[in-house]
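Enquirer: Below you will find the structure I want to go over with you.
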Amino acid sequence: MMKTRRKTVLILVVLVVVISAAAIITINIPKEPEKALLKVMSDQVDLQVRNVRLTEVGDSGMKWEIMADTARYQKKDNLALFEKLKINLVTKEDRTFVMTGDRGRLNTESRDMEIEGNVEIVSDSRDHFKTDRLRYLNAAKRIETEGSVVMENESIRVSGVGMTISLEERKMALLSQVRASFTGERRKKE
């Protein structure tokens, strides 16, 4: 019985020594830094969605339909950011403008918008505009850019630097370096 007790005590002592050694080794082994979790969204983004379709009818009777591959919403900045977007804008007079671009920013309070990267506008009267960047100012109901612009339709091609389009007055102005050439239908009549 004494031998059994000695064996049991000896086994317990060995176990305690082994467990203590393992604990000391585990504590003293330098730990690898924890790997950062995969960040899917920026800390600044409150919401991110794919294949977006947003429709809104404003107080002025203007209707917006925004379609984009992706949209991110930043609530604290009142900003919606779009990638690969297409906008159908219908005025209260039922004039239609289709705007496309690589990226866009919409201020969700003022409803002002910026579009950049391969920007194109096509009107219902088949006027076709190309530029690199433009702004839509909601309060003024105006589209504008400081960049180079090309406007074409079936009878004329006009280029310049800087442009404003007043949607309410139905007026367009190219601001500088304006060049024009007649094409298509007008040439045939002359």
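Enquirer: Quick one: which of 85-91, 123-129 comes out on top by average Cβ neighbours within 10 Å, and what's the full order, highest first?
Expert: Ranked from most to least packed, the peptides come out as 85-91, 123-129.
Enquirer: Enter the per residue convex hull volume of the stretch 48-190, computed from alpha-carbon coordinates, in Å³ rounded to the nearest integer.
Expert: Hull volume normalised by residue count: 108 Å³.
Enquirer: Right, here's the next one. Going by average Cβ neighbours within 10 Å, how do the peptides 99-106, 133-140, 51-58 rank, with the highest at the top?
Expert: For the peptides 99-106, 133-140, 51-58, the packing ranking is 99-106, 133-140, 51-58.
Enquirer: Kindly rank 168-180, 149-161 from highest to lowest mean number of other beta carbons found within 10 Å of each residue.
Expert: Packing proxy ranking, top to bottom: 149-161, 168-180.
Enquirer: Between residue 154 and residue 74, how many nm apart are label points set 7 Å from Cα along the C-beta direction?
Expert: With each label placed 7 Å out from Cα toward Cβ, I get 4.5 nm.
Enquirer: Taking a virtual spin label 7 Å from the Cα of residue 175 along the C-beta vector, which residues in the stretch 116-134 bring their backbone nitrogen under 13 Å of it?
Expert: Counting only backbone N, you get 133-134.
Enquirer: So, one more: What FRET efficiency do you get for residue 50 and residue 164 if R0 is 35 Å and r is their Cβ-Cβ distance, rounded to the nearest 0.05?
Expert: 0.55
Enquirer: Please state the relative contact order of the stretch 47-189 as a whole percent: Cα pairs under 8 Å, 6+ residues apart?
Expert: 12 percent
Quick note: the coordinates plus some simple rules give every number you see, no bench work behind them. Just so you know, these numbers come straight off a predicted model, no measurement behind them. With ideal geometry, Cβ positions are generated from the backbone for all residues, glycine too; neighbour counts draw on all protein chains shown.
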